[in-house]
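*Asks:* Here's a structure for you.
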Amino acid sequence: MSANGSRPVANTVADVLRRVGISRTKFYQEINAGRLKARKIGSKTIVLETDLQAYLDALPPYDGRAE
């Protein structure tokens, strides 16, 4: 979080991995599948906070059954 307590506008790859709890491989699989939007600033990959929230909101609810 930023100094004023609000979420940043953009997240680094490391931020997303830490916050969501997925692996780097899964992160890039989700991008390549079109489920998660990412952007580039030079060589750095970022995910806008709004895109991360949209990705999380689109995940199916867990019903407690094994897959």
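Rule-based calculations on the coordinates, nothing more; no lab input. Computed from a prediction, not measured in an experiment: that's the story for all the values here. Don't worry about glycine lacking a Cβ; one is built from the backbone with ideal geometry, like all the others, and counts go over all protein chains shown.
*Asks:* Below 14 angstrom from the Cβ of residue 32, what's the summed charge of the other residues (Lys, Arg +1; Asp, Glu -1)?
*Replies:* Here the charged neighbours net out to +3.
*Asks:* Considering Cα pairs under 8 angstrom that are at least six residues apart, work out the relative contact order of the chain and quote it in whole percent.
*Replies:* Relative CO of the chain lands at 32 percent.
*Asks:* When the helix-only estimate is applied to the chain (DSSP H runs of n ≥ 4, each -39,500 (n - 2.57), divided by the residue count), what is the mean residue ellipticity at 222 nm, nearest 500 deg cm²/dmol?
*Replies:* It lands at -11500 deg cm²/dmol.
*Asks:* Under a 5 Å amide H to amide H cut-off, with H placed in plane at 1.01 Å, what residues pair with residue 10 once short-range neighbours are removed?
*Replies:* Hits under the 5 Å cutoff: 49.
*Asks:* Tell me, in nm to one decimal, what length is gained between residue 40 and residue 7 on full extension, where the rule is 0.36 nm per residue of separation less the Cα-Cα distance?
*Replies:* Additional length available on full extension: 9.9 nm.
*Asks:* Where q = 0.12, 0.19 Å⁻¹, what log10 of I(q)/I(0) comes from the Debye formula for the chain, counting one point per Cα?
*Replies:* Debye intensities relative to I(0), on a log10 scale: -0.34, -0.79.
*Asks:* Right, something else. Would you mind getting me the FRET efficiency between residue 25 and residue 50? Use the beta-carbon distance for r and R0 = 25 Å, nearest 0.05.
*Replies:* Computed FRET efficiency for residue 25 and residue 50: 0.55.
*Asks:* Taking amide H positions as placed 1.01 Å from N in the peptide plane, with prolines and chain starts having none, which residues 5 or more places from residue 36, or on another chain, fall under 5 Å of its amide H?
*Replies:* Sorted by chain and number, the residues that satisfy this are 31.
*Asks:* Out of 50, 25, 12, any idea which swings most in a Gaussian network model of the chain, alpha carbons joined below 10 Å?
*Replies:* Evaluated over the chain, the most mobile residue of the options is 25.
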